[in-house]
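Asker: First, the structure itself, so that you have it in front of you.
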Amino acid sequence: MKYALFLGCKIPSRLPAYAASTRAVLQHLGVTLVELDFNCCGYPARSVSRDGFVLAAARNLGLAERVGLNVLTPCACCFGTLRHAIALLDEDAALRVRITTALAAEGLAWSGTVEVEHILPVLARVVGVDALAGAVRAPRTGLRVAAQYGCHTLRPSNVARSDNPLAPTIFEDLIRLTGATPIEWPLRLDCCGDPLHGANALLSEQMTRAKIADALASGAEVMCTACPHCHLRFDGVQPPQTETADASIRTLLYTQLLGLALGLPAKSLGL
Amino acid sequence: MSNTLFRAALDTSLLLCALGLLWRMSTWYRLRIGPDVRDLTLVPRLRALLRGFAAALFTRRAFHVGVALFLDVLLQRRLYRSDKSRWLTHLLIFVGFMGLLLMHALAAVVALKMFTGYESTRNPYLFLRNLFGSMVVVGLAFFLIGLRRRRRHTLHAPMRRPMDAAFVVLLGFVLATGFLLEADKIVSPQVFYRMAKEFNGSADPAELKPLRAFWASEFGVAFDDLTAPITPDLLRQGRAMHEADCETCHAGAASAFVSYPVSRVLAPLARVLDAGQAPTWLLYLHVFACFIGLATLPFTRFYHVLAAPISLLVNGAALGRSLSGAGRAVRRALALDACVGCGICDAHCSVAPLARHLDNRYLLPSHKLIATGELTRGRLLQPGHLTTGAGDAAWRAAEGAFGCTDCGRCTSVCPVGLDLDDLWQSGRADLARAGLTAPAQWVQARPALAWAESLQRDFWPRSFFDPDARDAPLSANRSSFSRCVQCQACTNVCPVVAYSTDPAYGVDLTPQKVMNLLRLGMRDLAMGSRMVWSCATCYQCQEHCPQGIRVADIMAELRTLAVQRLGAVRSHKELS
């Protein structure tokens, strides 16, 4: 098991704990990670230029193709964007010509051999739920956890191909094996509000707060995330957690939850 | 060289340099970048400066400043981490230049006082001068080679000002005249006679014959009248005279390992050079080039020798602490000066592929920094300034500023340790204040109908083929939305619609109405709608559409179309 680790823009600068816990957990599970000189996945350029966003994504794929590795990303938005770019390159021949020509100027190529994976399906299917359950040393028994999927890990389902988009279970399965209890909450598949942060801040905040309130009302102690955008968004709208403890929810990255259950030192998980 | 002339020229260039420095450094206290420092007056900024100095010198932070001075300024630790070959280049030029400055240019002030028995023509000083000089020459060569290579491999090379190139030429000129002067002094009989008169007391060629023979064979002086055969006996006599009058001050000329080989080339021309007073005018050229360099220092690339260390030391002093408003203001303005334009940030920039694709260099950090400075100085908004070849420079700069993903790589690789993240944030806020915003803001600043009417005034040929087919193929192809049956499934699952409870921020249309506008051929109206721009791209609509319409993908395409087409008919005055 060897992947090119795609951290994207947000994780190294704003959420280094996600990078640390991803590396710690995957290394512990025998997954080798290689760091390449990747650029932005292209997500922020989706509203600016279709060719521009596909080119940015394809350059990353080209870098991975050059070393013959599949890409693993802990970011749902990077995952969705890279996968989306592949889908567009597959369906639009004229686009494919324009992009591969631009890549060739840099000595890169895209031939569609590179697969892009999000960390949740890799853990659940490649490492395997059973193998993970067997490796748990310190189960988080009794912890009530709300699974925050992150839209692009699931939708559009023909691109993400990770689970049933209307009734997914993959995240809950992964939480259950750590000994924690995944809770049912009505808004679990809704958007965290982060993409609207710049375009419509008030509406964005409504969406985020509604999700937090829903998770709390459903009995969650912890909001478990698998995307830096969701994670930073929840942390961003909440008051410091000591002040109004009843209106805020603790956030935990899935790699941190799993790392704790595997018995890894909290410090190595950025906690 | 006439002493009065020398003093006058030195004093003038020192004065010009000091005035230039005062002018340049005053910008650190005059420029205001970022809304959080807009109302700061000069007094708190000066107070922050004094407080910073005091803290840096007299508190525990003095240790961090000391570490920064040694590791960051002298050893260039940050550059070493980012780019090893450029670190070597920098080290060669830096060590060579400082060596020449202290041991040679300031010999009277530094070397004479520090080393007893200092004599420029003795070793190790003679050898070291050549070593330092050749280090600078090799460093400059590496620099030019690197520059060529980078220019070839990057589409947007860092911006170079003519003054920067002029300085490199000047530095090369100083080095060249220095070596030529030394070489000419080696071969020049004129210089020989002048020295002989001073230390031997005679300038008579016949009387000095043994010494001339010895200096011609051992030191390479090119006498053209030394006809008689040089016998070993004559040389012995010459050596005795040399030991009596010359040896205490002169090491073998071959120690000047650059100038001596050059002098062999000059030897046949020695008479002509002497006749033309070459030693004198070479000295003038050499010294006055140095003075020009000194006088123009504040306005050339060389200004970084002051601004960059100050920036690094400020970082050392501020380590792990958040700066006050005044401190931030100074640091941001200082960043504009301390940027060397090395382009290492550009090479690591996360959105560099997009900069290439959009042909917009303002997405790259080094150019963005320049645009930030121009905006602060009020020049960015002047029409025609900073022309980029395509479109309005101010809007290109805004596209660059808001296209940044805040990945922080530029800050982490900057050899001068600039807090670029902070500069970008404040720069964006200033742009927004000037009416130059991100697409989501400027599109939503006008109602969709107003945009559609602007587009109708702007002729858009659409008779034979759809111009949007390439950049927005789904929106341009009827079959991708014509199956819509207006069932409202998309609207019912849309979280944006669900939370649009207040008209202050709610959307104007619903997803299914956007699809209907497309069906009616009103793409111009759809692309400017708040619904399209407030879409979270969560794909609930697309996932739930019973007709398989790619609603969210179409929304994303419409946004790119709006950026392109509405961008062509916007003006920032209208939108601010």
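Asker: I want to confirm something. Restricting to region A:141-158 and keeping residues that are surrounded by fewer than 20 Cβ atoms within 10 Å (Cβ to Cβ) and assigned to a helix (DSSP H, G or I), which single residue is nearest to the other protein chains (Cβ to nearest Cβ)?
Answerer: For region A:141-158, the residue satisfying everything is A:SER157.
Asker: Hand me the list of helices (runs of 4 or more DSSP H) wholly inside region B:291-382 holding 2 or more residues that are crowded, with 22+ Cβ neighbours inside 10 Å, in contact with a helix residue (DSSP H, G or I) (Cβ under 7 Å, 6 or more places away or on another chain) and in the same structural domain as B:ASP39 (by TED's automatic domain parsing). Break it down into steps so the answer makes sense when it comes.
Answerer: Numbers: elements: B:304-318, B:325-338, B:344-348, B:352-358, B:365-376.
In region B:291-382, the matching helices (runs of 4 or more DSSP H) lie at B:325-338, B:344-348, B:352-358, B:365-376.
Asker: Restricting attention to region A:192-228, and to residues there that are outside any helix (DSSP H, G or I) and more than 24 Å from A:SER21 (Cα to Cα), which single residue is farthest from the other protein chains (Cβ to nearest Cβ)? Steps first, answer last, please.
Answerer: Going through region A:192-228, the residues outside any helix (DSSP H, G or I) turn out to be A:192-193, A:197-200, A:218-227.
Those left that are additionally more than 24 Å from A:SER21 (Cα to Cα): A:193, A:197-200, A:218-219.
Details: A:GLY193: 7, A:HIS197: 10, A:GLY198: 6, A:ALA199: 4, A:ASN200: 4, A:SER218: 17, A:GLY219: 22 Å.
Once the filter is applied, the top-ranked residue is A:GLY219.
Asker: Answer with yes or no whether B:PRO495 is within 8 Å of chain A (Cβ to nearest Cβ), within 45 Å of the chain's Cα centre (by Cα) and touching a residue at least 40 places away in the same chain (Cβ under 8 Å).
Answerer: Values: within 8 Å of chain A (Cβ to nearest Cβ): yes; within 45 Å of the chain's Cα centre (by Cα): no; touching a residue at least 40 places away in the same chain (Cβ under 8 Å): yes.
Spelling it out, it is not the case that B:PRO495 is within 8 Å of chain A (Cβ to nearest Cβ), within 45 Å of the chain's Cα centre (by Cα) and touching a residue at least 40 places away in the same chain (Cβ under 8 Å).
Asker: Return the total of residues in region A:60-93 being under 17 Å from the mean Cα position of the chain (by Cα) and charged (D, E, K, R).
Answerer: 1
Asker: Please go through (1) in a helix (DSSP H, G or I); (2) among the acidic types (Asp, Glu); (3) at pLDDT 85 or above for B:ASP164 and return the number of the only condition it doesn't satisfy.
Answerer: All conditions are met except number (3).
Asker: Identify all residues within region A:20-32 that are without any contact (Cβ under 8 Å) to a residue 60 or more places away in the chain and either within 14 Å of another protein chain (Cβ to nearest Cβ) or among the β-branched types (Val, Ile, Thr) (or both); write none if there are none.
Answerer: A:THR32
Asker: Could you say which residue among A:PRO182, A:PRO186 is under 13 Å from A:LEU257 (Cβ atoms) and in contact with a helix residue (DSSP H, G or I) (Cβ under 7 Å, 6 or more places away or on another chain)?
Answerer: Working: A:PRO186 fails: under 13 Å from A:LEU257 (Cβ atoms).
None of the others qualify; the one that does is A:PRO182.
Asker: Another question, then. Applying the selection to region B:501-555, what residues are hydroxyl-bearing (Ser, Thr, Tyr), modelled with pLDDT of 95 or more and farther than 17 Å from B:ALA440 by Cα?
Answerer: B:THR510, B:TYR539, listed by residue number.
Asker: Of everything in region A:51-91, what is over 26 Å from A:LEU120 (Cα atoms) and surrounded by fewer than 17 Cβ atoms within 10 Å (Cβ to Cβ)? Give them in sequence order.
Answerer: Answer for region A:51-91, where residues must be over 26 Å from A:LEU120 (Cα atoms) and surrounded by fewer than 17 Cβ atoms within 10 Å (Cβ to Cβ): just A:GLU91.
Asker: Another question, then. For a quick check of your reading of the model, give me the residue pairs whose first member lies in region B:418-429 and is free of Cβ contacts under 8 Å to residues at least 40 places away in the same chain, whose second is small (Gly, Ala, Ser) and assigned to a helix (DSSP H, G or I), with beta-carbon atoms closer than 6 Å and at least 6 apart or on different chains.
Answerer: B:ARG428/B:ALA401
Asker: From the list A:VAL97, A:VAL116, which residue is in contact with a strand residue (DSSP E or B) (Cβ under 9 Å, 6 or more places away or on another chain), under 19 Å from A:ALA56 (Cβ atoms) and among the β-branched types (Val, Ile, Thr)?
Answerer: Working: A:VAL97 fails: in contact with a strand residue (DSSP E or B) (Cβ under 9 Å, 6 or more places away or on another chain).
Answer to the check: A:VAL116.
Asker: Looking at B:GLY96, B:GLY133, which is the one that is surrounded by 17 or more Cβ atoms within 10 Å (Cβ to Cβ), of a type in the set (Gly, Ala, Ser) and in contact (Cβ under 8 Å) with a residue 60 or more places away in the chain?
Answerer: The conditions single out B:GLY133.
Asker: Does B:GLY201 meet the test of being out of contact with any strand residue (DSSP E or B) (no Cβ under 6 Å at 6 or more places or on another chain) and either outside any loop (DSSP other than H, G, I, E, B) or closer than 20 Å to B:THR280 by Cβ (or both)? Before you say what the answer is, go through the steps one by one.
Answerer: Values: out of contact with any strand residue (DSSP E or B) (no Cβ under 6 Å at 6 or more places or on another chain): yes; either outside any loop (DSSP other than H, G, I, E, B) or closer than 20 Å to B:THR280 by Cβ (or both): no.
The answer is no for B:GLY201.
Asker: Kindly indicate whether any position in region A:49-67 is under 27 Å from A:LEU132 (Cα atoms) and touching a Gly at 6+ places or on another chain (Cβ under 6 Å).
Answerer: Among the residues of region A:49-67, not one is under 27 Å from A:LEU132 (Cα atoms) and touching a Gly at 6+ places or on another chain (Cβ under 6 Å), which makes the answer no.
Asker: For region A:104-140, give me each residue that is over 18 Å from the mean Cα position of the chain (by Cα), among the basic types (Lys, Arg) and either over 16 Å from A:HIS28 (Cβ atoms) or surrounded by 15 or more Cβ atoms within 10 Å (Cβ to Cβ) (or both).
Answerer: A:ARG140
Asker: Something else now. Regarding B:ALA489, is this residue in contact with a His (Cβ under 7 Å, 6 or more places away or on another chain) and within 13 Å of chain A (Cβ to nearest Cβ)? Before the answer, list the steps.
Answerer: Values: in contact with a His (Cβ under 7 Å, 6 or more places away or on another chain): yes; within 13 Å of chain A (Cβ to nearest Cβ): yes.
Spelling it out, B:ALA489 is indeed in contact with a His (Cβ under 7 Å, 6 or more places away or on another chain) and within 13 Å of chain A (Cβ to nearest Cβ).
Asker: Restricting attention to region A:33-59, and to residues there that are part of a helix (DSSP H, G or I) and under 17 Å from the mean Cα position of the chain (by Cα), which single residue is nearest to the other protein chains (Cβ to nearest Cβ)?
Answerer: Just the residues of region A:33-59 that are part of a helix (DSSP H, G or I), to begin with: A:43-45, A:50-59.
Filter again for under 17 Å from the mean Cα position of the chain (by Cα), leaving A:43-44, A:57.
On the way: A:TYR43: 8, A:PRO44: 5, A:ALA57: 9 Å.
Across region A:33-59, the extreme among qualifying residues is A:PRO44.
Asker: Now for a different question. Could you list, ordered by first residue, the pairs with Cβ atoms under 7 Å in which the first is in region A:217-231 and surrounded by fewer than 24 Cβ atoms within 10 Å (Cβ to Cβ) and the second is among the basic types (Lys, Arg), at least 6 apart or interchain?
Answerer: A:GLY219/A:ARG144; A:GLU221/A:ARG144; A:GLU221/A:ARG250; A:VAL222/A:ARG250
Asker: Yes or no: B:MET103 crowded, with 19+ Cβ neighbours inside 10 Å, farther than 20 Å from B:LEU294 by Cβ and of a type in the set (A, V, I, L, M, F, W, C)? Explain how you work it out, then say what you get.
Answerer: Numbers: crowded, with 19+ Cβ neighbours inside 10 Å: yes; farther than 20 Å from B:LEU294 by Cβ: no; of a type in the set (A, V, I, L, M, F, W, C): yes.
No, not satisfied.
Asker: Of these, B:ARG530, B:ARG446, B:ARG470, which one is basic (Lys, Arg), within 14 Å of another protein chain (Cβ to nearest Cβ) and touching a Leu at 6+ places or on another chain (Cβ under 8 Å)?
Answerer: Values: B:ARG446 fails: within 14 Å of another protein chain (Cβ to nearest Cβ); B:ARG470 fails: touching a Leu at 6+ places or on another chain (Cβ under 8 Å).
Residue meeting the stated conditions: B:ARG530.
Asker: Condition check: free of Cβ contacts under 8 Å to residues at least 12 places away in the same chain, assigned to a loop (DSSP other than H, G, I, E, B) and closer than 30 Å to B:ALA275 by Cα. Does B:ALA176 satisfy that?
Answerer: Details: free of Cβ contacts under 8 Å to residues at least 12 places away in the same chain: yes; assigned to a loop (DSSP other than H, G, I, E, B): no; closer than 30 Å to B:ALA275 by Cα: yes.
Against the criterion (free of Cβ contacts under 8 Å to residues at least 12 places away in the same chain, assigned to a loop (DSSP other than H, G, I, E, B) and closer than 30 Å to B:ALA275 by Cα), B:ALA176 does not qualify.
Asker: Turning to a different aspect of this structure: Taking only pairs six or more apart or across chains, which ones have beta-carbon atoms under 6 Å, a first residue in region B:385-398 that is basic (Lys, Arg), and a second residue that is at pLDDT 55 or above?
Answerer: Here the result reads B:ARG396/B:ASN360; B:ARG396/B:TYR362, each pair linking region B:385-398 to a residue that is at pLDDT 55 or above.
Asker: Would you point out the residue of region B:334-352, among those that are β-branched (Val, Ile, Thr) and under 11 Å from the mean Cα position of the chain (by Cα), that is farthest from the other protein chains (Cβ to nearest Cβ)?
Answerer: Applying the first criterion (β-branched (Val, Ile, Thr)) to region B:334-352 yields B:340, B:344, B:351.
Filter once more, keeping what is under 11 Å from the mean Cα position of the chain (by Cα): B:340, B:344.
Numbers: B:VAL340: 23, B:ILE344: 13 Å.
The residue in question is B:VAL340.
This table checks each residue for (1) in the same structural domain as A:ALA24 (by TED's automatic domain parsing); (2) within 30 Å of A:TRP185 (Cα to Cα).
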{"position": "A:ALA56", "(1), (2)": "yes, no"}
{"position": "A:VAL67", "(1), (2)": "yes, no"}
{"position": "A:ASN70", "(1), (2)": "yes, no"}
{"position": "A:CYS77", "(1), (2)": "yes, yes"}
{"position": "A:ALA87", "(1), (2)": "yes, no"}
{"position": "A:VAL97", "(1), (2)": "yes, no"}
{"position": "A:SER111", "(1), (2)": "yes, no"}
{"position": "A:THR141", "(1), (2)": "no, yes"}
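The values are calculated or read from the model by the stated rules, or taken from the named source; none is laboratory data. Just so it is clear, the structure is predicted and the values come from calculations on it, not from any experiment. Glycine gets a Cβ as well: all are built from the backbone with ideal geometry, and neighbour counts include every protein chain shown.
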